[in-house]
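Okay, structure first, notes after.
Readers should treat all values here as calculations from the given coordinates under stated rules, not as data from a laboratory. Owing to the predicted nature of the structure, the values given are computational and were not obtained by experimental measurement. Methodologically, a virtual Cβ is constructed for each residue, glycine included, from the backbone with ideal geometry; neighbour enumeration extends over all protein chains shown.
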Amino acid sequence: MKVLVVDDEKGLRRVLSIFFSELGLEVATAGSLKEGIKAIEEEIFHLCILDMRLPDGEGLELLKQIREKRLPTVVIVATAFGSIESAVKAMHLGAWDYLTKPLDMDNLELVVKRALEQASLRFENIELHRRLEEVQKRGEMVCASKAMQKVLEVAYRVAPTELSVLITGESGTGKELIAREIHRKSGRPGELVAINCASIPHELLEAELFGYRKGAFTGASGDRKGLIEEAKDGTLFLDEIGDMPLELQAKMLRFLETGRFKRLGETRERRVKTRIISATNQPIERHMEEGRFREDLYYRIKGIEIHLPPLRERREEIPLLVERFVDEFSRQYNKPKPMVTTEFLAALSRYRFPGNVRELRNIVERAVVLSPEGAPLSPEVLPEEVFKKAVVEADDPVLPLPPGGLDSLLESQERRLIIKALKEAKGVKKRAAELLGISFRSFRYRLKKLDIES
Ligand SMILES: Nc1ncnc2c1ncn2[C@@H]1O[C@H](COP(=O)(O)OP(=O)(O)OP(=O)(O)O)[C@@H](O)[C@H]1O
Ligand SMILES: [Mg+2]
């Protein structure tokens, strides 16, 4: 970490230099305001000790510049004994703390230690922010909600470690995307090799993973490396791990514990180092209860769990995702990029998205294709189910149970909705049925059942 000492007293600069070097910091010094300004233009400091009275101006000036440039530098001002107002002013301008001169070294050490903690927090946030921006810019991932930023933050923290990662979340929430991001940031020289345990027949899965020797089974016409070996010094991504057959789970566990395995049909053991990332959209706990998944394997693969929230719990990302996908597909289909109407977004913002981001992506693709060239995207190009299932669920933990039973509650709701629709449709039954998204026949049937006269 780097610290800048700005003070016109040469002796004090020297004392502070020694003090900070002993704390293991890199020190730069400046004897005037001008030198101080030059220093912050050339380098970014974690910490700055700033004397308020300098020969060519006020220390406050430097503080102002640090703030204007939005530098993350933590500033501690040093004021002459008794000039408390200037300290107050400095705090208003964003100084983090102040010290009075002559400096009390014990106090200095205390304040500096806390300031450095603050600095590392600020720098960590900046680093995180920079990475988030980088991801956004590369256009791979939209990550705008608090929840997703948390996810990415954890992903980046575990990326460079050896920890196994289990990514959970509903289908289409971006599990594979996160797995790739973790691998990309892991600094591993090897590749990410992905295998979907659900889409490969059980008998083949083993051979795919471990490889085989010529003649190990019918059809094994030559020696073949398995995916584990392909993922050497990289990442092995086990998608839909919940579907891995039990016999294979035992073998996998052994490999995870020892780093050793044999190709099918071979007796010689091989060793491979690889990072394991698994993903599942089913609750593995239930599989364990049912004896379909080994508990010991579960704990092996779940060094850390990253849960991706469903899209309906991060609706604030919908506009950005739409923007991203509109961009992508208008390019792909060679169309001018259409505007997106607020009605289009409003309709989407009420939808449940059982298929999450993947579904949204498909919806936007379809909309881009269906829209006439040059026309803005409007709700007409949305699929019907968006309106049918447009119920934002009542996330209400204290929803009271109906005292008269479910049927009577539903019936009274049905009655109210039907009457409301009839009113809105000015008594036109066909229109009222449309408003409710049901067929005219079904509407008539309900009128009769509930004995409503229009
Ligand atoms: N945050 C995001 N930003 C941009 N695109 C996203 C984002 N999340 C998901 N996608 C896109 O949505 C689609 C589905 O993502 P992905 O394949 O990672 O989901 P998944 O969770 O692995 O789904 P499944 O469980 O069905 O395998 C992909 O096309 C992916 O690029
Ligand atoms: Mg997937």
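Quick notes
- As computed over the stretch 406-450, the Cα convex hull volume per residue (Å³): 60
- For the chain, the longest principal axis of the C-alpha atoms and the axis of helix 175-184 are separated by about 30°.
- Phi-derived couplings, Karplus 6.51 cos²θ - 1.76 cosθ + 1.60 at θ = phi - 60°, listed residue by residue for the stretch 201-210: x, 3, 5, 7, 4, 4, 5, 4, 6, 9 Hz, with x used for Gly and Pro.
- Nearest 10 degrees, 0 to 90: helix 105-138 Cα axis against the chain principal axis: 40
- Calculated mean residue ellipticity, 222 nm, the chain: -15000 deg cm²/dmol, from DSSP H runs (n ≥ 4) at -39500 (n - 2.57) each, averaged per residue and rounded to 500.
- Here the calculated FRET efficiency for Asp106 and Arg53, from their Cβ-Cβ distance with R0 = 25 Å, stands at 0.55, rounded to the nearest 0.05.
- All aspartates and glutamates inside 19 Å of Lys448 as judged from Cα atoms, apart from same-chain residues fewer than 8 positions distant: Asp407, Glu411, Glu414, Glu434
- Placing unit charges on the Cβ atoms only, positive for Lys and Arg and negative for Asp and Glu, gives the chain a dipole magnitude near 1540 debye about its Cα centre.
- Each residue of the stretch 267-284 is assigned a 3J(HN,Hα), and the resulting list reads 9, 6, 8, 10, 10, 9, 9, 8, 8, 9, 10, 10, 9, 8, 10, 10, x, 5 Hz, derived from the Karplus form 6.51 cos²θ - 1.76 cosθ + 1.60 (θ = phi - 60°), x at Gly and Pro.
- Global form of the stretch 312-388, assessed from the alpha-carbon gyration tensor, a/c cut-off 1.5: prolate
- 17 Å reach of a label modelled at Ile304, 7 Å along Cα-to-Cβ, counting backbone N of the stretch 260-287: 275-279
- Each Lys and Arg Cβ is given +1 and each Asp and Glu Cβ -1; about its Cα centre, the stretch 146-307 then shows a dipole of about 700 debye.
- Leading residue at positive end of dipole, the chain (Cβ point charges), from Phe443, Ala198, Gly36: Phe443
- Panel note: the C-alpha atoms of the stretch 2-124, placed on their principal axes, show extents of 31, 31, 23 Å (largest first).
- For the pair Lys337 and Leu163, the difference between a 0.36 nm per residue extended length and the Cα-Cα distance amounts to 58.4 nm.
- Label-point separation in nm, Lys10 to Arg254, each point 7 Å along Cα→Cβ: 7.6
- Using R0 = 25 Å, the C-beta based FRET efficiency linking Leu121 and Ile18 works out to 0.40.
- Inter-part distance where the stretch 181-245 and the stretch 409-454 are each reduced to a Cα centre, Å: 56
- Cleavage-rule hits (trypsin sites (Lys or Arg not before Pro)) in the stretch 19-104: DSSP loop, at most 13 neighbouring Cβ within 10 angstrom: Lys69, Arg70
- Note that the stretch 435-443 has calculated 3J(HN,Hα) couplings of 4, 8, x, 10, 6, 4, 4, 5, 4 Hz, one per residue in order, obtained from phi through the Karplus relation 6.51 cos²θ - 1.76 cosθ + 1.60 (θ = phi - 60°); glycine and proline are x.
- Proximity of backbone amide H atoms, modeled 1.01 Å from N, is registered between Arg53 and Gly59 at under 5 Å, excluding neighbours fewer than 5 places apart on the same chain.
- Fraction of the pair-distance distribution of the chain above 40 Å, Cα-Cα pairs, percent: 50
- Stokes-Einstein D for the stretch 1-70, Kirkwood Rh over Cα pairs, 10 °C, 1.306 mPa s (µm²/s): 133
- Simple rule: put +1 on each Lys or Arg Cβ and -1 on each Asp or Glu Cβ in the stretch 2-124, find the dipole, and look at Ser17, Ile76, Ile66; the Cα lying farthest toward the positive end is Ile66.
- Close amide H partners of Gly169, meaning residues 5 or more places away or on another chain with modelled amide H under 5 Å apart, are Thr280, Leu308.
- Taking other C-beta atoms within 10 angstrom as a stand-in for reagent exposure, Val88, Val111, Val142 fall in the order Val88, Val111, Val142, fewest first.
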